[in-house]
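J.: Please read through the structure below; I'll follow up with questions.
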C-alpha cells in the first residue's frame, strides 16, 4: 500500500476538532450542547439575498470569470468606498471564502521557507494554510491581561529577519475579539514599508466594531498601497458561511497578477453564491445595524457573566464575536472535555474551544478558552449558566480529588 | 515595494490564456468568435436541478460538513453503484470543483520534490496544481497517430523511479478525447500495486463514452483499493461548471483522513451548489442520454469535417468532448493567433487551443490544436467552415509569403 505524504499526515487541525467526538457522544446521551466553540452564527442570512438566488434565471451555470463577476466586483468597490477605501473592480479577486483568499495571498507573496509574523493567539487555520505553502509562522505573543492588545511596534520589528516577508493580522480579531485602532495600523503600515514587508489584514469582521470605535481598513494606509493585502468574506457579515464567497483585495499589481493566475488555475469562484453575494450589496443597511446591535448585546452578556465568575479573567472585546477567558484550571482542554463528558446542568452543557491551539508558542493558553457568542440571548444565558456551574463544580474539592483532574496548579 | 514570490510569478497558465486578448480584440472589431478553445458547454444545466435551488428554504446558509453534506454523499454512493462501484458515503469528500479534489489528492499523497507520471498531452492545469505542491510531473508521450492511446505498460514502468509516487490519468481524456479500456486500467492498477504507486484517475467525463464502449472506473480495480484515488465533478456531466462541486473518492483510509484535514482547513464546499448537485442525482436519466447523444453528433461533425481538410491529421475520439488535430502549419499558436487577428469568414472566426501547452516535453504539439465541441450543430458547422477556410488561406502561397508566417516546415 502506498504511504500518504508527510504533509498530509501533519496538516494542523482546528483546536476544537479533537473535542467534536465528545460533543457528539454527549448529544447521543441526550444532553443538549450549547456551541460556543465555532463561529457559525445563528443569525439569519438576509432574506432579500436568498430571494435573489431563488429568482436567478440563468439556464446554464457557466464558469464565471476567474476573478469573479464584474458586476459583483463593481459593487464591492462601491461598498469599500463606504468605509473610506477608494478602489476599482480590478483590485478585487473574488475567492471561495476567506480561506482561498488567504491561500492566494500567501502563495503569491511568500516562497517556501519564508516567514510571516502573526500575533498570537490567532485563527488556527492559518497554520494549515502556511503548511500548504511551506511557510513559517513567527508568533508575537499578546496577553489576556490587556485584552490582547497588539504588542509595541518595536516588538514586531525585533522579529523581522532575513526571511520575514510579511505581517498577518486579523482586525477585529478572531479568536480574541480585540480591535486594532487606526494608530496601530499606521504604525504597522510604516513598519511594513520600512522593511519591504507585506501587511496581510484579515478584515472579515470589520462590520463588528463596538463602543463607537471606527474601523480603519489597512487599505487606507497611504504609502503602503503595495504592501497591504486584505482578506475578506461575506461569511460572517451576512451570516452566509456556507456560501463560500470571499475576496483578496490589494493595490499591488504584481500580487494581483499572481493571485489571478492562481484563480485561473481553479477556473472560477462559486457562481450561485456570487448571486447571493451581489444581492447583499444591493440591500438596505438596516440588516447590518440590527445584527451588530444583537452581537453587542451578546458581548455584554458574555462579559458580565464572566466577570461574575470567581477566578475567571476576561475583558470586554472591542470587535468580532469572540472572547477569550482565563479559567482557574490548569488544562482548559481537559476542562472542556469534562464539560462534555462528565457534566450537565439541567440536561445541558456548553462546548468551548481550548485556548492552547490558538497559540504557536508551546505552553501558552493552557488555562484559556475561546468563546464565540453566536447564540441568541436566551441560549447564551443558558450556556453561561452551564459554564458557571461547570467551573464551580470542576473547581470544587470533590472533583479536584478525582485522579487526573487537577483544576489548580497545585 | 515587497517582491512577490517566485512561485507566484511562475504559476503555469492554461495554453489558451495567451490568446484571450486577441479574441477580445477580434470581438471588439465586430468579428464573431466561435469558441472551441474551452470546455464550457452550451448545454443547459438540468432545469429540475436549478428548480430545486429556487425551492431551497434554508434561512441560514451555514457551513456544511467539511466533507460535504451526508445526504449528497449518500446519493453519490448510490450513483457510483450504477456503474459498478460499491462504496459508502465515507469514501467521498465533496470538493469545490475537480480543481480542489486534484489539490487534496496531490497534497495528501505526495510530498515536495516527489513525482507523478502523466500521459501527455494532459489537462494543462495539472501543471499549476503540481507547482503548488512542489510536485514534479514526469510526462509519458502519447501520439495523435493512434488517437493518443496509452503507451504500453512497460513504458510506464520504465519511468518509475525512487521519487515516483503515482500515475495520473484522465479517462476519458481531456484534452485528447481518448478513451481507456478496462484492460488498460487493469494493467495500470497492477503496475500501481507492484510499485506501491497511487493511481489518480480524473473521471469527470465518464458519462461521455461513445461507440458503445463501457466505462470502467478505476475504483473497480480489485486489489488496488488503496492505490486508486478518483477525481470527480458535476461541471461537465450536468453542464454546471459554475457551481463548483466536485469530489475526491478513494477507499484508502489514510488518504481520506489527510484529505479530510485539508477539507476542514477550508471549512466547507459551496452550500447552494450542493443543493443543485444533490438534485442532479434525483433526476431521471433522460437528461444524460440526450446530452450524450448530442455530443456524439457533434463528435461526428468535427471528425468528418477534419477528415475532409487537406493535410489535417485527426481521429475519432472515444470520449469526453475534445479532439486534437495536427495541422499543416509549423506553429499552431501562430496560426490560432492569425485566425483571431487576420482572418475572418463571413464576419466570423474560430478560437482553438494551441497544442504545445498540453505537453510537458518541450517541442511537442507545436503543429497541433485542441478543440472542444461545446457548440450546437449549426454553430459547430460554422466554426468548422471558418477553420477550413482559414487553413486554406493560411497555407496558400500568398499568406505563406508574408514575413513571419511560415505555414509549412519549409
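J.: Are there any strands (runs of 3 or more DSSP E) wholly within segment B:88-180 with 2 or more residues that are closer than 17 Å to residue B:203 by Cβ, and if so which?
T.: Numbers: elements: B:92-95, B:115-120, B:136-141, B:164-170.
So the answer is B:92-95, B:115-120, B:164-170.
J.: Is there a residue being more than 13 Å from every other protein chain (Cβ to nearest Cβ), buried (at least 24 other Cβ atoms within 10 Å of the Cβ) and either part of a helix (DSSP H, G or I) or touching a strand residue (DSSP E or B) at 6+ places or on another chain (Cβ under 7 Å) (or both) anywhere in segment A:276-283?
T.: No: segment A:276-283 contains no residue that is more than 13 Å from every other protein chain (Cβ to nearest Cβ), buried (at least 24 other Cβ atoms within 10 Å of the Cβ) and either part of a helix (DSSP H, G or I) or touching a strand residue (DSSP E or B) at 6+ places or on another chain (Cβ under 7 Å) (or both).
J.: Which numbered condition trips up residue A:396, out of (1) over 20 Å from the mean Cα position of the chain (by Cα); (2) under 24 Å from residue A:124 (Cα atoms)?
T.: Result: residue A:396 fails condition (2) only.
J.: Determine whether residue B:302 is crowded, with 24+ Cβ neighbours inside 10 Å, more than 24 Å from the chain's Cα centre (by Cα) and assigned by TED's automatic domain parsing to the domain that holds residue B:23.
T.: No.
Conditions (1) more than 22 Å from the chain's Cα centre (by Cα); (2) more than 10 Å from chain B (Cβ to nearest Cβ); (3) more than 24 Å from residue A:314 (Cα to Cα); (4) modelled with pLDDT under 95, marked per residue:
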residue: A:91; (1), (2), (3), (4): yes, yes, yes, no
residue: A:100; (1), (2), (3), (4): no, no, yes, no
residue: A:110; (1), (2), (3), (4): no, no, yes, no
residue: A:114; (1), (2), (3), (4): yes, no, yes, no
residue: A:159; (1), (2), (3), (4): yes, yes, yes, no
residue: A:162; (1), (2), (3), (4): yes, yes, yes, no
residue: A:189; (1), (2), (3), (4): no, yes, yes, no
residue: A:200; (1), (2), (3), (4): no, yes, yes, no
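J.: Still on this structure, please answer the following. Among the residues of segment A:208-224, is there at least one that is closer than 23 Å to residue A:66 by Cβ, buried (at least 24 other Cβ atoms within 10 Å of the Cβ), assigned by TED's automatic domain parsing to the domain that holds residue A:179 and within 14 Å of the chain's Cα centre (by Cα)?
T.: No, every residue in segment A:208-224 fails to be closer than 23 Å to residue A:66 by Cβ, buried (at least 24 other Cβ atoms within 10 Å of the Cβ), assigned by TED's automatic domain parsing to the domain that holds residue A:179 and within 14 Å of the chain's Cα centre (by Cα).
J.: Given the structure, is residue A:63 in contact with a strand residue (DSSP E or B) (Cβ under 8 Å, 6 or more places away or on another chain) and either more than 20 Å from residue A:169 (Cβ to Cβ) or not in a strand (DSSP E or B) (or both)?
T.: Values: in contact with a strand residue (DSSP E or B) (Cβ under 8 Å, 6 or more places away or on another chain): no; either more than 20 Å from residue A:169 (Cβ to Cβ) or not in a strand (DSSP E or B) (or both): yes.
Judged against the criteria, residue A:63 is not a match.
J.: Another question, then. Which of (1) in a helix (DSSP H, G or I); (2) within 12 Å of chain B (Cβ to nearest Cβ); (3) buried (at least 21 other Cβ atoms within 10 Å of the Cβ) does residue A:68 not meet, given it meets every other one?
T.: (1)
J.: Separate question: Considering segment B:25-47 alone, what residues qualify as being in contact with a strand residue (DSSP E or B) (Cβ under 8 Å, 6 or more places away or on another chain), in a helix (DSSP H, G or I) and surrounded by fewer than 21 Cβ atoms within 10 Å (Cβ to Cβ)?
T.: B:27
J.: Looking at the structure I just gave you, is residue B:33 more than 17 Å from residue A:258 (Cα to Cα) and more than 10 Å from chain A (Cβ to nearest Cβ)? Walk me through it before giving the result.
T.: Details: more than 17 Å from residue A:258 (Cα to Cα): yes; more than 10 Å from chain A (Cβ to nearest Cβ): yes.
The answer is yes for residue B:33.
J.: Something else now. Give A:152, A:54, A:73 a once-over and let me know the one that is facing chain B (nearest Cβ under 10 Å), farther than 30 Å from residue A:17 by Cα and modelled with pLDDT of 95 or more. Steps first, please.
T.: Details: A:152 fails: facing chain B (nearest Cβ under 10 Å); A:73 fails: facing chain B (nearest Cβ under 10 Å).
None of the others qualify; the one that does is A:54.
J.: Exactly one of these conditions fails for residue B:216: (1) in contact with a helix residue (DSSP H, G or I) (Cβ under 6 Å, 6 or more places away or on another chain); (2) more than 14 Å from chain A (Cβ to nearest Cβ); (3) not in a loop (DSSP other than H, G, I, E, B). Give me its number.
T.: The failed condition is (3).
J.: Then there's this: Residue under question is residue A:151, and the condition is that it be surrounded by fewer than 22 Cβ atoms within 10 Å (Cβ to Cβ) and more than 21 Å from residue A:359 (Cβ to Cβ); does it hold? So that I can check it myself, show each step before the final result.
T.: Values: surrounded by fewer than 22 Cβ atoms within 10 Å (Cβ to Cβ): yes; more than 21 Å from residue A:359 (Cβ to Cβ): no.
In short, no.
J.: Condition test on residue B:121, is it more than 14 Å from every other protein chain (Cβ to nearest Cβ), touching a residue at least 60 places away in the same chain (Cβ under 8 Å) and closer than 20 Å to residue B:326 by Cα? Break it down stepwise before answering.
T.: Details: more than 14 Å from every other protein chain (Cβ to nearest Cβ): yes; touching a residue at least 60 places away in the same chain (Cβ under 8 Å): yes; closer than 20 Å to residue B:326 by Cα: yes.
Taking the combined requirement at face value, the residue satisfies it.
J.: I would also like to ask the following. Which one of these is more than 14 Å from chain A (Cβ to nearest Cβ), under 24 Å from the mean Cα position of the chain (by Cα) and in a loop (DSSP other than H, G, I, E, B): B:22, B:83?
T.: Values: B:22 fails: in a loop (DSSP other than H, G, I, E, B).
Answer to the check: B:83.
J.: Turning to a different aspect of this structure: Could you check segment B:326-350 and list, in sequence order, the residues that are under 24 Å from residue B:378 (Cβ atoms) and surrounded by fewer than 23 Cβ atoms within 10 Å (Cβ to Cβ)?
T.: Hits for segment B:326-350 are B:343, B:344, B:345, B:346, B:347, B:348.
J.: Could you list all residues from segment B:232-273 that are surrounded by fewer than 24 Cβ atoms within 10 Å (Cβ to Cβ) and either more than 7 Å from every other protein chain (Cβ to nearest Cβ) or in contact with a strand residue (DSSP E or B) (Cβ under 8 Å, 6 or more places away or on another chain) (or both)?
T.: If the condition is that a residue be surrounded by fewer than 24 Cβ atoms within 10 Å (Cβ to Cβ) and either more than 7 Å from every other protein chain (Cβ to nearest Cβ) or in contact with a strand residue (DSSP E or B) (Cβ under 8 Å, 6 or more places away or on another chain) (or both), then B:237, B:251, B:252, B:253, B:256, B:257, B:260 are the ones that fit.
J.: Tally up the residues in segment A:1-19 that are assigned to a helix (DSSP H, G or I), facing another protein chain (nearest Cβ under 8 Å) and touching a residue at least 24 places away in the same chain (Cβ under 8 Å), please. Give the steps one after another, and end with the answer.
T.: Quick first cut of segment A:1-19, residues assigned to a helix (DSSP H, G or I) only: A:6-9, A:17-19.
Applying the additional criterion that residues be facing another protein chain (nearest Cβ under 8 Å) yields A:6-9, A:17.
Going one step further and asking which of them are touching a residue at least 24 places away in the same chain (Cβ under 8 Å), we end up with A:7.
Summing the residues that are assigned to a helix (DSSP H, G or I), facing another protein chain (nearest Cβ under 8 Å) and touching a residue at least 24 places away in the same chain (Cβ under 8 Å) in segment A:1-19 gives 1.
The values are calculated or read from the model by the stated rules, or taken from the named source; none is laboratory data. Predicted model, so just to flag it, every value in this text is computed and none were measured. Here the Cβ is made from the backbone with ideal geometry for all residues, glycine too, and neighbour counts use every protein chain on show.
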